[in-house]
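Contents: one structure, followed by commentary.
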Amino acid sequence: MVIDFNTHQKNWCWQAVLDLWALMVLWAFTGAGWPNLSCTKVLTETEPTFFTGVQMQTQMQQTQHQATAAPFSTSTPPPSSGGSASEAPPKQVAQAMDKLGQAGRIIADIRIGADRLLEALFVAAAQPHQGNKPLQLFVKEDACMRQYLQDLRSLGKELEESGVLSESVRSRKDFWGLHMPLVCPDGAVVAYAWKRQLAGQAGASAVDRTRLALKAFTDQKRRFFPHLDDGLEGSESASKKRCGSEEIAVDPKEEISFLKTLPDVLKSLEKEVPNLKILTFERLDWLKRAVTLTSSTNESFLEHNYHGSGKLRLGSVGTVAAEKVAVIELLVPSVFRAVISFHHAGSMDPDAVAFFSPDESGSYVHARGFSVHHVFKHITEYAATALQYFLGNQTETCLYSLLHWICSYETLFSKSCRFILQLLEL
Amino acid sequence: MPIRCILHWQPNQGTVVNSQVLNEISQCVETLNGVKEGRCKASLTFYRPNLRDQSVTIDFPRDFLGISMLELPNKYFFIIRGQKIVLEADSSILLIMEKLQSYKSKVALNFEGVLYKLGDFQIRVIKVVPNQAESLRGIMVEIEYLPISSIEKSKQIMEEFIDIWKEIVAKKSLAGQFMHAEPNYAEYGLGDNYTSQHTAVQYAAALAQLIQSAQVRN
């Protein structure tokens, strides 16, 4: 959809889209929190068939969990709770998967509805003399959306009761020793636990197994045979292209077309923001670091600052190849520490970002965590919105734009009247 | 460590500080939606050298202070304002001093405060009372900003908060105002990263200001 209209209207429309998303987040999962909307990416690529329904579930569950544990968290069984106590656990599991699929389809409908709303807005903006037609369209879509969101909310409640979504409920032991579908933070779904398979009953569906196997093989291939990757990368980036308007928010003087690899992006960032410290990590290593974080004055014992040799230095351990990087830490000394995590190791797609005080340390300091300080909590919320904007709008340069946006906060405490007023209004 | 700024209350000429003023100030904090969280306490002691020959006292520093804070029970701070020295010691130094008997405690003051939480800020409303008596000698307000530890980076935020605070207090038309005198930390050899030594220096400086203004009035 290429519409040629002036910048002001463009900005206003995008603002409306962002507001809509914010509204949806609030409506759909009040209380459960929904910091990451990366599932929307999957939705626009393919129809919600059962196969991608599974993929949807993983994405949705991945975003649902305010994941604090290591990627290989032990699967905790759900309780036999509420109305579903009378049914055998295999049926519970099947029902849960089914409901997750339904939720996926409702989300797809919501997304299409949002597109229609946006279209109505565009039409109204572009041709103001059209009169009532856009308004009627808008009203109709609004009613549909409300219905979808209501359905989603009730579905969410059902899922919560059955123990799929809520972390605390999962910790109670189940009589049968069976598990609800477990989603690891890196997106892999373990549909049925090993216990069940040992018991000789029907294991994971063939589809799930194939998908898991394919994912495992692809990851291994990427690690050990990076030179064979070219075909794979190309097709992935093509499928992520959106039919959005051509927008260049980055300084036109910059030659951003060469920033295709992670080392390049980090190198150019280092040049532009001199007092920024960049560190890269593999996912598990970040967790180790998070609990031993100290304030910026003690950073001296860590080697950092990225070198342009194609390898990325990792703390005092050694070098980390760009393909293994899963977490980036940006530290502006005495101002903030931002943690960005990638969708999977080696990709350049950020999927979560969070801000913290440079003095904070602990296992909650990660890309999906929240700071204890209000100011950084607010910035993290903005960051989630910004991330969605960059993912949707500037997919080619998403990481670069996001990192730049983060760095703009280095003047957080030098030009910050807005934040004080916000804090005092608490 | 989070940054702290101490403001001391300067009563107008001819007036004294009393508990009414203290109540009004506490109310100011509550109008900002401050939530009472607890109490805090610190005590400050003026030391005088224990000499047989009293004429030699001029060779010794007049303003040798010792500060202890309830939130740091293992530490004791010494300050000599004249020479801009601050020292952080273990609290067992008090035992040593008692055994040595080289310094005697001249005056002891308590800083008793109530802690309020406002978002990312914390405010302590502190009354200065002598150790043995209950009479109110002065009022201090300690403002703490939790997210960052760099004094330089937090300067702007603190100044703006202090301005807002002064405005709110001014609305109550009390007989006095809050003054903020930022000590020169570099002279004490302290860096940009805030520590409890900075707090001790601020306490000493604020107290000196209170004493000075009391002397001017009398």
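Observations on the structure shown:
- Remark: for residue pairs A:Lys277/B:Lys75; A:Lys215/A:Lys288; B:Lys41/B:Lys84, the C-alpha separation exceeds 32 Å in A:Lys277/B:Lys75.
- Note on A:329-336: average number of Cβ atoms from other chains within 10 Å of each residue's Cβ is 2.
- Charge tally for B:Ser105 (other residues, Cβ to Cβ under 11 Å; Lys, Arg +1; Asp, Glu -1): +2.
- Separation between Cα centres of the range B:124-163 and the range A:375-392, rounded to whole Å: 34 Å
- Each label point was placed 7 Å from the Cα along the Cα-to-Cβ direction; for A:Glu160 and A:Arg209 their separation is 3.7 nm.
- Among the helices of chain B, those built from whole DSSP H runs whose Cα atoms reach 24 Å or more along their own axis and whose mean Kyte-Doolittle hydropathy is at least -0.5 are B:151-171, B:196-217.
- Summed buried accessible surface, chains B and A, 1.4 Å probe, nearest 100 Å²: 1700 Å²
- Largest first and in whole Å, the equivalent-ellipsoid semi-axes of the range B:78-173 read 32, 20, 13, each the square root of five times a Cα gyration tensor eigenvalue.
- Size of electric dipole in the range B:120-161: Cβ of Lys, Arg +1 and of Asp, Glu -1, about Cα centre, debye, nearest 20: 160 debye
- Divide the volume of the convex hull around the Cα atoms of the range B:21-127 by the residue count and you get 128 Å³ per residue.
- For chain B, calculated [θ]222 nm from helices alone, where every DSSP H run of n ≥ 4 adds -39500 (n - 2.57): -9500 deg cm²/dmol
- By average C-beta atoms within 10 angstrom, highest first, the peptides A:217-223, B:27-33, A:344-350: A:344-350, B:27-33, A:217-223
- A:Phe225 paired with B:Asn50, simple spin-label distance in nm, labels 7 Å along Cα-to-beta-carbon: 8.5 nm
- Within the range B:143-179, the residues that become at least 10 Å² less accessible when every protein chain is included than when their own chain is isolated (1.4 Å probe; DNA, RNA and ligands ignored) are B:Tyr145, B:Leu146, B:Pro147, B:Ile148, B:Ser149, B:Ser150, B:Lys153, B:Gln156, B:Ile157, B:Glu160, B:Phe161, B:Ile164.
- Averaged over A:354-360, number of beta-carbon atoms from partner chains that fall within 10 Å: 3
- If you take all other residues with their beta carbon under 11 Å from the beta carbon of B:Val29, and give Lys and Arg +1 and Asp and Glu -1, the sum is +1.
- Net +/- balance of residues flanking B:Ser91 in space, Cβ distance below 13 Å, scoring K and R +1, D and E -1: -3
- Estimated FRET transfer efficiency when R0 is 22 angstrom, pair B:Ile162-B:Lys36 (beta carbons, to 0.05): 0.55
- Prolate/oblate/rounded call for chain B, Cα gyration tensor, a/c under 1.5 rounded: prolate
- Each part reduced to its alpha carbon centroid, the range B:65-99 and the range B:164-218 end up 20 Å apart.
- Anisotropy class of the range B:126-182 from Cα gyration tensor, a/c 1.5 cut: oblate
The values are calculated or read from the model by the stated rules, or taken from the named source; none is laboratory data. From a predicted model like this one, the values you see are computed outputs, not experimental measurements. Virtual Cβ from ideal backbone geometry, glycine too; neighbours counted across all protein chains shown. When the accessible area is computed, the model is the full protein with side chains, heavy atoms only, and any ligands, DNA or RNA have been set aside. Shrake-Rupley method; radii C 1.70, N 1.55, O 1.52, S 1.80 Å.
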